[in-house]
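The values are calculated or read from the model by the stated rules, or taken from the named source; none is laboratory data. Note that the structure is a prediction, hence the values are computed from the model and not measured. Don't worry about glycine lacking a Cβ; one is built from the backbone with ideal geometry, like all the others, and counts go over all protein chains shown. The protein model used for the area step is the full one, side chains on, heavy atoms only, and it has no ligands, DNA or RNA in it. Shrake-Rupley method; radii C 1.70, N 1.55, O 1.52, S 1.80 Å.
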Amino acid sequence: MYASTVRGLLVRGMLAGLIAGLFAFAVAYVVGEPPVRGSIAVEEATAAKEAAPAAGHAGHGGAEAAPAAGEEEELVSRPVQSTVGLATGVLVYGVALGGIASLAFSFVLGRVGGFSPRATAALTAAGAFTTVYFVPFLKYPASPPAVGNPDTIGQRTTLFFLMILLSVLLGVGAIILGRRLAPRLGNWNATLAAGGGFVVAAALAFLVLPDNTDAVKPEFPAALLWEFRVASVTVQVVMWVVFGIVFGVLAQRLLGRRTDPAGAQATAPQPASALG
Amino acid sequence: MAEAVASAAVSAPALSPSAPLPVRAVLPWALFVGLLMLVALYFVGAEQGATAVFSGEGVHEWVHDGRHLLGFPCH
Ligand SMILES: [Zn+2]
């Protein structure tokens, strides 16, 4: 009975994530690809500049040295990366996080404040955006191609996922804290206290975790970096706004026609031991 | 509430749309499907970067632009 409701929510969460992913992909293609393209151009120009003096020293063979340093071997062409490749990444991300968000929704529904399923869905989307993307972004912001050093990818990935985990755990902690405080402080003040606790704890995490070892090089164009990061935030905002709206409608519709399983069993000709 | 009372005579009473779902009903889905979703996220966000299940660069190259724009560390 309840299991089928959870399954229904999960399927709807993944569907809403897919729809959100389509919108996010459109935004990523339109506002995200230009700065990605620009960064790759910067990367290639830098590599060509570095290769040029070396070729000059050798006196000959410059024609061979330049392409070897300037261009990487292409497994997937740029046109594919920027269309089907981008779509794959964004859609899988949308479906997977849509599913996870619907499970989080199933846990908090009716347990945090007196919100309708639609409002709970909106709050879940806002919470997911904040904890999974935005707080980690403030510590380790998204970076365009050409910024990172390939040798530090291990450390950067570990720190980034650690930051996501910490941020999600702090978010869960804030919800639990808010629920505990609500009877004493009232809903409004409990929410403020829990939110404040989250901000302080996240700030402490920012201080404790090491800085990104791979700072953006001073010669990288600031406007391009800004454009890329705004695009990255926009993609995520669109993703979660669409998810919150679509999942809210679907969840409200599914949950609105539920009947009380305990009531159903009480009227059915089954022994009381069938309960549960 | 009034609707719940009215429909109770016919069949099972309507449940509030916001009635909590029992944790034991959510937990199995959270464990199995949640884990599956995390594996999918790993392939988008980190495969063939810091660690690799498959050799080569195919997965990384394919999702490359998404990885950068979604905020994951890349190259
Ligand atoms: Zn990259």
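Taken together, the residues in the range B:13-42 that are more than 7 Å from chain A (Cβ to nearest Cβ) and crowded, with 20+ Cβ neighbours inside 10 Å amount to 0. Taking the condition within 14 Å of another protein chain (Cβ to nearest Cβ) and away from the ligand (no atom under 16 Å from the Cβ), does A:Pro141 pass? No; evaluated as a whole, the condition is false for this residue. If you go through the range A:148-162 one residue at a time, do you hit one that is buried (at least 16 other Cβ atoms within 10 Å of the Cβ), closer than 22 Å to A:Val208 by Cβ and touching a Lys or Arg at 6+ places or on another chain (Cβ under 6 Å)? Within the range A:148-162, none of the residues are buried (at least 16 other Cβ atoms within 10 Å of the Cβ), closer than 22 Å to A:Val208 by Cβ and touching a Lys or Arg at 6+ places or on another chain (Cβ under 6 Å). Does at least one position in the range A:164-187 carry a residue that is within 16 Å of the ligand (Cβ to nearest atom) and open to solvent by 80 Å² or more (accessible area, probe 1.4 Å)? No, because not a single residue in the range A:164-187 is within 16 Å of the ligand (Cβ to nearest atom) and open to solvent by 80 Å² or more (accessible area, probe 1.4 Å).
Filtering the range B:11-69 to residues that are of a type in the set (Val, Ile, Thr), assigned to a loop (DSSP other than H, G, I, E, B) and within 15 Å of the ligand (Cβ to nearest atom) leaves only B:Val63.
With respect to B:Ala46, is the statement that it is at pLDDT below 90 and more than 24 Å from A:Ile100 (Cα to Cα) true? Criteria not met by B:Ala46. A:Arg111 passes every criterion in (1) part of a helix (DSSP H, G or I); (2) over 28 Å from A:Asp211 (Cα atoms) apart from (1).
Regarding A:Phe198, is this residue part of a helix (DSSP H, G or I), among the aromatic types (Phe, Trp, Tyr), open to solvent by 50 Å² or more (accessible area, probe 1.4 Å) and within 20 Å of A:Phe129 (Cα to Cα)? Against the criterion (part of a helix (DSSP H, G or I), among the aromatic types (Phe, Trp, Tyr), open to solvent by 50 Å² or more (accessible area, probe 1.4 Å) and within 20 Å of A:Phe129 (Cα to Cα)), A:Phe198 does not qualify.
For every residue, the table says whether it meets (1) at pLDDT 90 or above; (2) β-branched (Val, Ile, Thr).
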{"residue": "A:Leu22", "(1), (2)": "yes, no"}
{"residue": "A:Pro35", "(1), (2)": "yes, no"}
{"residue": "A:Ala41", "(1), (2)": "yes, no"}
{"residue": "A:Glu74", "(1), (2)": "no, no"}
{"residue": "A:Thr83", "(1), (2)": "yes, yes"}
{"residue": "A:Leu97", "(1), (2)": "yes, no"}
{"residue": "A:Ala101", "(1), (2)": "yes, no"}
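Taking the listed residues A:Gly85, A:Gly113, A:Gly89, A:Gly127, the one that is crowded, with 24+ Cβ neighbours inside 10 Å, assigned by TED's automatic domain parsing to the domain that holds A:Leu15 and small (Gly, Ala, Ser) is A:Gly89, with no other qualifying.
Tell me, yes or no, whether the range A:178-185 has at least one residue that is of a type in the set (A, V, I, L, M, F, W, C) and within 21 Å of A:Val237 (Cα to Cα). Within the range A:178-185, none of the residues are of a type in the set (A, V, I, L, M, F, W, C) and within 21 Å of A:Val237 (Cα to Cα). For A:Thr152, are the conditions met, namely being among the hydroxyl-bearing types (Ser, Thr, Tyr), in a helix (DSSP H, G or I), free of Cβ contacts under 8 Å to residues at least 12 places away in the same chain and within 16 Å of the ligand (Cβ to nearest atom)? Answer is no for this residue.
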